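Asks: Next up is a structure, given as structure tokens.
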């Protein structure tokens, strides 16, 4: 198992870089995308991923229209719904606070896995869950002359998104355990579900027009393609591979390292960018964020 735990960690690193780039260079800045246009791109690109993977790793018609196939697609739908709520929160709040709260999925997955997949939940894991809960509490507050809560819409969006992510993780783990599809076929069916949930609902002229304006900036358009198409696909591929060998609660825990990487990346970028950002980098708020990150790290170690 020692080797396989590196895969969700690498996945976490990739997705942390994805979310930070999304926040600083896509959702902020000139001709920035709102969360609906962003979801249109992220969800819409999934149909291309589905078609490419389907052509390379085809499924028979019987398999494609089977109940097992529908279950994998359902996991993609839940991942898509999770994406919508995550991006909505990213659009209105600091990314360094968004990720630790979204980490609620690492709390939910062990409990679901305990009752649904007969996985173990030890005393250490209970302590880890408590630490991650307090990490989310710290992430939800900021210092602005006094302690204040971050945007409540962002908090509720992240909780809902985390719940959808946890459900999706359990569904895809069960599908992988059945060993009815290859890993690329799992990814293709998941992509189709993502397209249904996060692509089709946002297809309208306004969102397409916003994307067209954004892609006039070629460098930012290229960054969006790399960080929101290539990296997420690679990240999920690493997760699918690791789920073949490790319990879903452990994979989800190590993948939960995302907030730690995100906090470090976001503070670094906020310092070096020569423009105003939403990210708070004063000493008091950096201290709060690092406390949140440390609690998340300790919780992840215990959960894993």
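Asks: With in contact with a helix residue (DSSP H, G or I) (Cβ under 9 Å, 6 or more places away or on another chain) and modelled with pLDDT of 90 or more as the only criterion, which of 153, 182 stands out?
Replies: 153
Asks: Tell me, which helices (runs of 4 or more DSSP H) lie completely within the stretch 1-109 with 1 or more residues that are buried (at least 23 other Cβ atoms within 10 Å of the Cβ)?
Replies: 6-21, 35-56, 67-92, 95-102
Asks: Give the residue, chosen from 271, 245, that is under 24 Å from residue 175 (Cα atoms) and more than 19 Å from the chain's Cα centre (by Cα).
Replies: 245
Asks: Here's something else I'd like to know. Specify the residue that is surrounded by the fewest Cβ atoms within 10 Å (Cβ to Cβ); the eligible residues are those in the stretch 124-148 that are more than 29 Å from residue 87 (Cβ to Cβ) and at pLDDT 85 or above.
Replies: In this case the residue turns out to be 146.
Asks: Sticking with this one: How many residues does the stretch 251-266 contain that are crowded, with 24+ Cβ neighbours inside 10 Å and part of a helix (DSSP H, G or I)?
Replies: Summing the residues that are crowded, with 24+ Cβ neighbours inside 10 Å and part of a helix (DSSP H, G or I) in the stretch 251-266 gives 10.
Asks: Take residue 166 and tell me if it is assigned to a helix (DSSP H, G or I), in contact (Cβ under 8 Å) with a residue 60 or more places away in the chain and within 25 Å of residue 37 (Cβ to Cβ).
Replies: Answer is no for this residue.
Asks: Look at residue 200 and say whether it is more than 22 Å from residue 253 (Cβ to Cβ), loosely packed, with under 15 Cβ neighbours inside 10 Å and modelled with pLDDT of 95 or more.
Replies: yes
Asks: Determine whether the stretch 204-223 contains at least one residue that is buried (at least 16 other Cβ atoms within 10 Å of the Cβ), touching a residue at least 12 places away in the same chain (Cβ under 8 Å), over 22 Å from residue 23 (Cα atoms) and in contact with a helix residue (DSSP H, G or I) (Cβ under 8 Å, 6 or more places away or on another chain).
Replies: So far as the stretch 204-223 goes, no, none of its residues is buried (at least 16 other Cβ atoms within 10 Å of the Cβ), touching a residue at least 12 places away in the same chain (Cβ under 8 Å), over 22 Å from residue 23 (Cα atoms) and in contact with a helix residue (DSSP H, G or I) (Cβ under 8 Å, 6 or more places away or on another chain).
Here is a yes/no grid of residues against (1) closer than 25 Å to residue 76 by Cα; (2) surrounded by 14 or more Cβ atoms within 10 Å (Cβ to Cβ); (3) over 19 Å from the mean Cα position of the chain (by Cα); (4) in contact (Cβ under 8 Å) with a residue 12 or more places away in the chain:
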| residue | (1), (2), (3), (4) |
| --- | --- |
| 122 | no, no, yes, no |
| 150 | no, yes, yes, yes |
| 160 | yes, yes, no, yes |
| 174 | yes, yes, yes, yes |
| 180 | yes, yes, yes, yes |
| 184 | yes, yes, yes, yes |
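Asks: Next up: Which one of the conditions (1) surrounded by 15 or more Cβ atoms within 10 Å (Cβ to Cβ); (2) in a helix (DSSP H, G or I) does residue 280 fail to meet, given that it meets all the rest?
Replies: (2)
Asks: Inspect all residues belonging to the stretch 227-245 and state whether any of them is outside any helix (DSSP H, G or I), closer than 23 Å to residue 191 by Cβ and touching a residue at least 40 places away in the same chain (Cβ under 8 Å).
Replies: Yes, the stretch 227-245 contains a residue that is outside any helix (DSSP H, G or I), closer than 23 Å to residue 191 by Cβ and touching a residue at least 40 places away in the same chain (Cβ under 8 Å).
Asks: Still on this structure: Would a scan of the stretch 290-302 turn up a residue that is under 19 Å from residue 28 (Cβ atoms), touching a residue at least 60 places away in the same chain (Cβ under 8 Å) and under 20 Å from the mean Cα position of the chain (by Cα)?
Replies: Taking every residue of the stretch 290-302 in turn, none turns out to be under 19 Å from residue 28 (Cβ atoms), touching a residue at least 60 places away in the same chain (Cβ under 8 Å) and under 20 Å from the mean Cα position of the chain (by Cα).
The values are calculated or read from the model by the stated rules, or taken from the named source; none is laboratory data. Given the structure is predicted, the values throughout are model-derived calculations rather than measurements. We place every Cβ from the backbone using ideal geometry, glycine too, and count neighbours over all the protein chains shown.
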